[in-house]
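The values are calculated or read from the model by the stated rules, or taken from the named source; none is laboratory data. Everything quoted here is computed from the prediction, not taken from an experiment. Note: ideal-geometry Cβ built from the backbone for every residue, glycine included; neighbour counts use all protein chains shown. For accessibility, only protein heavy atoms count, side chains too; no ligands or nucleic acids. Shrake-Rupley method; radii C 1.70, N 1.55, O 1.52, S 1.80 Å.
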Amino acid sequence: MPSDPLPETGRPGPELLAELARLRDADLPVRGGQVTAYVYDTGREAVHDLAATAFHEMLEVNCLDPTAFPSIVALERRLVGFVAAKLGGGSGVFSSGGTESIMLAVKAARDAHPVEGRPQIVLPTTAHPAFHKAAHYLGLEVVHVPVDAAYRADPAATAAAMTPRTALVVVSAPSYPHGVMDPIPEIASLAASAGVPCHVDACVGGWVLPWLRDAGRDVPPFDLSVPGVTSISCDLHKYGYSPKGASVVLFADEAHRRHAYFASAEWPGYTVINATVQSSKSAGPLGAAWATLNAVGAQGYRDLAENAMKSAERLMSGVAAIPGLRVLGEPVAPLVAVASSDPSLDVFTIADEARRRGWFFQPQLSYQGIPPNLHFTLTGVSDVDALLAALTEATEAARAAGPPDVPSDLVDALADLDLDTLDDAGFAALLASVGVDLAAGGSPEMAVVNTILNGLPPATREALLIRFLSALYT
Ligand SMILES: *Cc1c(COP(=O)(O)O)cnc(C)c1O
């Protein structure tokens with residue numbers, strides 16, 4: 001893409017804002033429930049407007065130095081207090097998102113629980129890639145444990161995977177792909193008997209499960225009140241409905257929390273003391289999250305959680321009535337994975353057909369025997385009648401179209417391709433040959449690409465995706 005030079009003299013504001021609006025035309029909508037991943041809409045415009053104003057109020061405050069800006073300490077203490085009160089207590093850190101909360105939990109476990117040799121992190125295969133990222137950044141080795149037939153972490157397999165080098169055991173409440181709850185009390189208890197920390201990834205569930213319980217639903221125990229659970233992550237930019245950049249990680253033990261921190265006095269400049277990975281950062285997300293939680297309130301979160309869960313249940317019964325589709329596992333939270341039970345019905349084609357009708361359904365590739373499927377994160381504004389109508393139509397269209405035509409030798413060629421011999425332009429040409437036009441900013445016609453990726457092993461998928469991202473930005 002040709003890039004414009006920096007203007008010699010500043011351009012007028014209205015012109016720039018108009019350009020931003022134009023650039024956003026190609027984006028998926030962030031409101032309205034037609035995008036069933038990435039975005040969370042309360043349906044209450046006043047809440048989002050207030051969050052934007054609060055964000056703006058705190059925008060230029062720098063979280064780097066809490067003694068220079070005491071407002072960030074006051075806001076963070078209150079916000080973390082709200083989350084701790086719903087998740088079994090503990091003391092916490094406000095971070096920029098699930099990945100950063102997980103990074104901090106992994107660092108704290110590594111440093112609070114030193115082991116002989118390279119530390120290991122025991123993960124169910126359904127755990128979020130943020131743990132692989134944290135392990136990669138922090139020098140831990142991942143020990144992957146297969147899940148059971150209902151996609152839940154397996155206590156016996158977890159126990160068998162633990163060694164004297166285990167620094168952390170991870171469970172999810174729920175796991176993102178299928179919305180199912182791991183057996184947290186069992187696994188936390190076996191971690192505790194080995195003296196090993198146990199992290200609950202409640203990034204997506206942490207601000208919806210407690211409200212579903214308060215609304216009278218049966219939610220299995222999952223938080224810091226469970227014996228053996230040492231830390232838990234909860235993203236406020238998901239079911240907290242805060243603008244992006246908001247998550248909390250809580251530690252049962254405050255000494256454990258201190259191991260998440262980092263300080264350095266090893267240079268001649270200002271002393272660095274950080275509770276998070278980032279150092280200088282805007283307090284905007286903190287102010288916005290604090291405002292959002294206060295503006296929605298407990299009754300608001302109970303209602304939003306109930307609406308989302310009812311939507312998920314109606315989606316599941318609706319899917320049962322669409323021939324060729326089935327739900328994977330038993331979701332405890334409003335996250336539903338829908339697979340095809342008919343070889344002539346391709347889920348990636350359904351996603352493309354839905355996209356043509358104004359809906360985004362998130363494709364999930366097959367993994368270790370789990371079939372490819374479409375993921376739906378339901379929220380307070382989900383309109384399930386419209387969603388089911390779109391899904392039904394897209395499914396009929398996909399059945400009529402049949403699975404995408406992908407030459408099998410193309411998949412083999414990609415599996416054997418030495419990517420190092422291609423530069424970004426060569427890679428873009430390769431993508432063009434399967435119908436992906438990078439100049440157009442990606443393509444909504446993704447069934448061919450998804451089918452190709454689906455046929456490749458994870459390591460090849462990763463290598464191709466890294467090349468894709470690089471080519472996209474070149
Ligand atoms: C979203 C999510 C994460 C990662 O969070 P980011 O905010 O995208 O960094 C981790 N775990 C689970 C279960 C999630 O749903």
Fill in: Residue in the range 331-358 that is farthest from residue 306 (Cα to Cα), counting only those that are touching a Leu at 6+ places or on another chain (Cβ under 8 Å) and open to solvent by 20 Å² or more (accessible area, probe 1.4 Å)
341
Discussion item. I'd like the full set of residues that are in a helix (DSSP H, G or I), of a type in the set (Gly, Ala, Ser) and touching a residue at least 24 places away in the same chain (Cβ under 8 Å), limited to the range 151-172.
Written reply: 159, 161
Practice prompt. Any chance you could count how many residues in the range 259-284 are loosely packed, with under 15 Cβ neighbours inside 10 Å, over 23 Å from the mean Cα position of the chain (by Cα) and not β-branched (Val, Ile, Thr)?
Written response: 9
Discussion item. Looking for something out of contact with any Lys or Arg (no Cβ under 8 Å at 6 or more places or on another chain), within 16 Å of the ligand (Cβ to nearest atom), closer than 24 Å to residue 99 by Cβ and not hydroxyl-bearing (Ser, Thr, Tyr) - is there at least one such residue anywhere in the range 212-222?
Written reply: yes
Discussion item. Go through (1) in contact with a Pro (Cβ under 6 Å, 6 or more places away or on another chain); (2) of a type outside the set (Val, Ile, Thr); (3) under 17 Å from residue 330 (Cβ atoms) for residue 173 and report which single condition fails.
Written reply: (1)
Worksheet item: Which helices (runs of 4 or more DSSP H) sit wholly inside the range 70-150 and have at least 3 residues that are among the hydrophobic types (A, V, I, L, M, F, W, C) and open to solvent by 20 Å² or more (accessible area, probe 1.4 Å)?
Response: 70-86
Discussion item. Tally up the residues in the range 402-419 that are surrounded by fewer than 12 Cβ atoms within 10 Å (Cβ to Cβ) and in a helix (DSSP H, G or I), please.
Written reply: 4
Worksheet item: From 439, 425, 447, 459, which residue is open to solvent by 30 Å² or more (accessible area, probe 1.4 Å) and under 29 Å from residue 357 (Cβ atoms)?
Response: 439
Worksheet item: Based on what the data block shows, is residue 399 in a helix (DSSP H, G or I) and open to solvent by less than 60 Å² (accessible area, probe 1.4 Å)?
Response: no
Worksheet entry | Those strands (runs of 3 or more DSSP E) lying entirely in the range 228-299 with at least 2 residues within 15 Å of the ligand (Cβ to nearest atom) | 231-235, 247-251
Item to complete: Tally the residues that are within 16 Å of the ligand (Cβ to nearest atom) and part of a helix (DSSP H, G or I), restricting the search to the range 178-211.
Response: 4
Item to complete: May I ask you to verify whether residue 330 is among the charged types (D, E, K, R), more than 16 Å from residue 97 (Cβ to Cβ) and either within 16 Å of the ligand (Cβ to nearest atom) or part of a loop (DSSP other than H, G, I, E, B) (or both)?
Response: yes
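Listed residues 164, 183; which is more than 21 Å from the chain's Cα centre (by Cα) and not small (Gly, Ala, Ser)?
164
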Item to complete: Would you tally the residues in the range 366-396 being more than 28 Å from residue 460 (Cα to Cα), open to solvent by less than 30 Å² (accessible area, probe 1.4 Å) and not in a helix (DSSP H, G or I)?
Response: 4
Fill in: Filter result for residue 214 (acidic (Asp, Glu) and either open to solvent by 10 Å² or more (accessible area, probe 1.4 Å) or modelled with pLDDT under 95 (or both))
yes
